[in-house]
Structures are given as C-alpha cells and as structure tokens.
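*Asks:* Before I ask anything, here is the structure I am working with.
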Amino acid sequence: MTRVIIVRHGQSTYNTEKRIQGRSDVSTLTEKGRSDAAKVGKALSNISFHGIYSSPLQRAKQTAEIIHGELTSKFEKSAVVQTSDLLLEVDLPLWEAMVSADVKQQFPEDYRIWHEHPDELKMVVNQDGETQEHFPVLSLYKQARQFWQEILPHHQGETILIVGHNGINRALISTALGIHPSRYHCIQQSNCGINVLNFSGGLGEPVQLESMNQTQHLGETLPSLRPGHQGVRLLLVRHGETEWNRQTRFQGQIDIPLNDNGRNQAKKAGEFLQNVALDFAVSSTMARPKETAEIILQHHSDVNLELQDGLREIGHGLWEGKLEVEIEQEFPGELHRWRTTPADVQMPEGENLQQVWERSTVTWQAIVQSAIENQRQTGLVVAHDATNKTLLCYILGLSADNFWNFRQGNGAVSVIDYPSGLNGLPVLQAMNITTHLSGGVLDKTAAGAL
C-alpha cells in the first residue's frame, strides 16, 4: 500500500482578503498560516515520509518547509521538499487577484457557471499572440492525473506528503476516486486540512480515501461553515464497535449490541461533538447505532432521537453470523467478488447494494427535506458501515461500484453540508474523522466486517 497524505497550504494574505489566488504568487502566509503549518508538522511528526512534494507557489512551499521542520525522524530531516508544477493551483487568469465579490459582479454568467457547472467554465485567453480556449477545471483534473501517473510508480509501498492548494487537492482526490469534474465543489479543503489516501498500486487500481479534511489538529472540531451558510449540515457517524466487529463476523441485520469498546467509542464521539449545536438526530432502527446515538445525545438532552428503518445495515442473508473463512468455504469466490465488484453481488437470501442504495438515499433525502422545512440546521445521523459508504457514493455522484473507496471507522464522524438545499449539490466537508478515538491523524479503529 502507498499512503499519500495531502495538506492544503496555511492561511494566506489573499485568503484573508477573499481574493482569487489561482497561479499568482503574490500572496504569502499570514502569521496564523505559519502557526497552523507548524501544527500540521506536529500532527504528522510520528509518520515517516519517503518523499515530500509541494506546489512551487510560495504559500504552499513555505507551508511544506514549516511542516518539514517539525518532522522528527532523521530520514525526514534529510529529505528535501521537491516542487512540482503539476501541483500548481487551478489557473484562473482572468480573475486572478480579484476579490470574489468583484468577480461575481463583473463576470456574473461565468461566476454562475463556475459554481453550478465548474467543468463547463471556459476562459478565452491570449497565449503567444494566439487566442485560446481554456477550461480551468478540466485542465486541473488532467494535471492531477498526470501527477499521480508520474509519482505513484516511484513510491510503491511508501508514504509521501503532498502540500498543495484548495483546487489541486480536490482534483487529486477526485481523480484518485473517479469523481467527475462537475462535482469539483462537492469536496472542500480547509487551510492546513489533512487528507489520507491509500493506493493499492497506480492510478486506476483500487484506492481508499481513509479520511478527508481533518482540522482537529488546528483546534477546530469540525470544518467551519462558509460565511452566510444557511443550509443543512449532517454529521454522519458509524456506530461503535460490537463483539462481532472485533471477531470480523458478518452481522448485517442481526441486532448485535455495542461492546464495552463500542460504548467507549460512542462516549468519545459524544465528547468530541458536545459543543456542536445539534437541532435533530436520526438513527438506524438497529441496537448498535441507536445506542451510539443515545450516548452521543447525553450532551444534547433537548434533542429527540428519531429512528429510520431505511438506514439499517445491508442484509447479508446467509452470510450473517459467519466468519470470512466460513463464508469462503460455503460460497467459494463470493467474498472476492464482494471485495472487488461489490455492486454485482447479491447476498444469498439477503440484499444487494442497489437495494441498500434505494432505501438509504430516499431516507437521507427525506432527512434533509425535513430539516429544511422545519428550519433546522445541524443534525446527527448514526448508521452502519455499508449504509454510510453507499450514502458517500451517492453524495459524490459515484456509483455503488465505488463502495470500497471510502473508509468508515467505528465511531467516526463525516460532515456533509447542503448549502443550497436539495436543489443544489451536497458538499462533503470532512470524512471519517477519528482523532477523538485514536488521538492521531491515522484511523486506528479495527476494520472489522460489516
């Protein structure tokens, strides 16, 4: 496995002025930007990196150098920060250095396209005396793919650090997972946010997004809402550990309760979210998510828990109650199919992912709609591994074939915003936050069966 940790640069002067930065190199780190970069370095200091790559723009390069200075191992100290033009920020030549509000006023139609259909944004630029059409987002995704194709073969089985920008980081994550450029705004990157990607090989081979946009090392529980955000925020949590999780026994719709570790994970999730104002809470009808939700809600005594059957775990049918070795004996080859082409597998006397998709997404949309109608902003949703992974595919415009691209640790928290209600696209602000469980950047929860 190749582990890739991706970080966005620290706060810059243009960030504070709400200016479009693009590829301009005028902007420098603020004092907060430098301080946050040092916090990233401390958060990553127990990880050994075999390579550090940065955008050549000074706000990113300076962030990379500050992080490098905080890393502790001898190898890391001797490793130099390598810059790559393939990590340059999205190129927006006509808007560079402009305040966002002025872009909106001067280029109203292009600004609308940028937000609603970013892959269709076109800029006509003059290059070497010739007029050319430039598609900023499509070019960025091509650039990201090229970076992966050039870099991954050199680091098989190693761990590398990438320091880039909001746009290129989104494109790197999106091209790794197969997220379409039209969903460019559906994932966010906070200044000095940390992402973890695990590659099994090169681009196009299986890859897992272990976590996205962690900001807890900066003293921030969850990524902050964008200014003027009036939409709904859902905190998607996987239930705590059960004894069958620990044994890697398939539980599916058998109603196994939390074990002591699972209750402790729920308690830690509750402490982590205790200062987050919750307006509503929903759980699967099953015991393990229900108890997880109830423990979290001990800090929110005024919030009632609603149960939704559509959020229950996938029905594993005849696999339920069995260990992997037993399933392999009774249904040879099916576990391999489940791990490689999950959308093609019909659980014997159980469900397939399409059925999970249909019931869970209908429930999810109803939760969002209800929150909008009742003017509630932030809600807790506690469900299961397969349910959560299916919902993440749906949120990012992927199919059930991408099921294994997402990790969901027991007691982990993901953050999904609906800034424009159900008419606009959802935004994955953060995924699989487990720092409250492990104390570190990496997910240490046991993988376990579903």
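The values are calculated or read from the model by the stated rules, or taken from the named source; none is laboratory data. Because the structure is a prediction, the values reported are computed rather than measured. We place every Cβ from the backbone using ideal geometry, glycine too, and count neighbours over all the protein chains shown.
*Asks:* Is at least one residue of the range 343-363 within 23 Å of Gln188 (Cα to Cα), at pLDDT 95 or above and in a helix (DSSP H, G or I)? Before the answer, list the steps.
*Replies:* In the first step, residues of the range 343-363 are kept if they are within 23 Å of Gln188 (Cα to Cα); the result is 361.
Restricting the remaining residues to those that are at pLDDT 95 or above gives 361.
Next, only the ones that are in a helix (DSSP H, G or I) stay: 361.
Checked against the condition, which is being within 23 Å of Gln188 (Cα to Cα), at pLDDT 95 or above and in a helix (DSSP H, G or I), the range 343-363 yields at least one hit.
*Asks:* Now for a separate question. Within the range 50-63, can one find any residue that is under 22 Å from Phe147 (Cβ atoms) and aromatic (Phe, Trp, Tyr)?
*Replies:* Among the residues of the range 50-63, at least one is under 22 Å from Phe147 (Cβ atoms) and aromatic (Phe, Trp, Tyr), which makes the answer yes.
*Asks:* A follow-up question, please. Condition first: under 30 Å from Gln346 (Cβ atoms) and either buried (at least 24 other Cβ atoms within 10 Å of the Cβ) or not assigned by TED's automatic domain parsing to the domain that holds Asp255 (or both). Now tell me which residues in the range 287-311 satisfy that. Spell out how you get there, then give the answer.
*Replies:* So the first thing to find is which residues in the range 287-311 are under 30 Å from Gln346 (Cβ atoms), and the list is 287-290, 292, 307-311.
Within the range 287-311, Arg288, Pro289, Thr292, Leu311 qualify.
*Asks:* If you check Leu422, Leu428, Leu398, Leu391, which single one turns out to be touching a Gly at 6+ places or on another chain (Cβ under 8 Å) and among the hydrophobic types (A, V, I, L, M, F, W, C)?
*Replies:* Numbers: Leu422 fails: touching a Gly at 6+ places or on another chain (Cβ under 8 Å); Leu428 fails: touching a Gly at 6+ places or on another chain (Cβ under 8 Å); Leu391 fails: touching a Gly at 6+ places or on another chain (Cβ under 8 Å).
Criteria check complete, one pass: Leu398.
*Asks:* Residues Arg3, Arg59, Arg23, Arg19: which one is crowded, with 23+ Cβ neighbours inside 10 Å and among the basic types (Lys, Arg)? If you could, list the steps in order and put the result at the bottom.
*Replies:* Numbers: Arg3 fails: crowded, with 23+ Cβ neighbours inside 10 Å; Arg23 fails: crowded, with 23+ Cβ neighbours inside 10 Å; Arg19 fails: crowded, with 23+ Cβ neighbours inside 10 Å.
The unique qualifying residue is Arg59.
*Asks:* Of all strands (runs of 3 or more DSSP E) completely enclosed by the range 73-172, which ones contain at least 1 residues that are farther than 24 Å from Ala43 by Cβ and of a type outside the set (Lys, Arg)? Reasoning before the result, please.
*Replies:* Working: elements: 81-83, 123-127, 130-134, 159-164.
Passing ranges, in order: 123-127, 130-134.
*Asks:* Do any residues in the range 378-407 that are assigned to a loop (DSSP other than H, G, I, E, B) have Cβ atoms under 7 Å from those of residues that are of a type in the set (Asp, Glu), where the two are at least six apart or on different chains, and which pairs are they?
*Replies:* His384/Glu313; Arg407/Glu210; Arg407/Asp443
*Asks:* Related question: Could you list, in sequence order, all residues of the range 325-342 that are under 31 Å from the mean Cα position of the chain (by Cα) and surrounded by 15 or more Cβ atoms within 10 Å (Cβ to Cβ)?
*Replies:* If the condition is that a residue be under 31 Å from the mean Cα position of the chain (by Cα) and surrounded by 15 or more Cβ atoms within 10 Å (Cβ to Cβ), then Glu334, Leu335, Trp338, Pro342 are the ones that fit.
*Asks:* What's the number of the condition Gln208 fails, among (1) part of a helix (DSSP H, G or I); (2) surrounded by fewer than 21 Cβ atoms within 10 Å (Cβ to Cβ)?
*Replies:* With (1) part of a helix (DSSP H, G or I); (2) surrounded by fewer than 21 Cβ atoms within 10 Å (Cβ to Cβ) applied to Gln208, the lone miss is (1).
*Asks:* Would you mind stating whether Gly167 is closer than 18 Å to Leu94 by Cβ and either under 15 Å from the mean Cα position of the chain (by Cα) or touching a residue at least 60 places away in the same chain (Cβ under 8 Å) (or both)? Outline the logic, then answer.
*Replies:* Details: closer than 18 Å to Leu94 by Cβ: yes; either under 15 Å from the mean Cα position of the chain (by Cα) or touching a residue at least 60 places away in the same chain (Cβ under 8 Å) (or both): yes.
Yes, satisfied.
*Asks:* Now for a separate question. Gly350 fails exactly one of the following numbered conditions: (1) without any contact (Cβ under 8 Å) to a residue 40 or more places away in the chain; (2) assigned by TED's automatic domain parsing to the domain that holds Ser283; (3) more than 30 Å from Glu116 (Cβ to Cβ). What is the number of that condition?
*Replies:* All conditions are met except number (1).
*Asks:* Now, a different point. Would you mind stating whether Gly193 is small (Gly, Ala, Ser), closer than 30 Å to Glu271 by Cα and modelled with pLDDT of 95 or more? Steps first, please.
*Replies:* Details: small (Gly, Ala, Ser): yes; closer than 30 Å to Glu271 by Cα: yes; modelled with pLDDT of 95 or more: yes.
Criteria met by Gly193.
*Asks:* Condition first: part of a loop (DSSP other than H, G, I, E, B) and buried (at least 22 other Cβ atoms within 10 Å of the Cβ). Now tell me which residues in the range 408-440 satisfy that. Write out each step before concluding.
*Replies:* In the first step, residues of the range 408-440 are kept if they are part of a loop (DSSP other than H, G, I, E, B); the result is 408-412, 419-420, 424-426, 434, 439-440.
Scanning the range 408-440 gives Gln408, Gly409, Asn410, Gly411, Ala412, Pro426, Thr434.
*Asks:* Moving on to the next point. Suppose we filter the range 266-307 for residues that are within 25 Å of Gln214 (Cβ to Cβ) and acidic (Asp, Glu); how many remain?
*Replies:* 2
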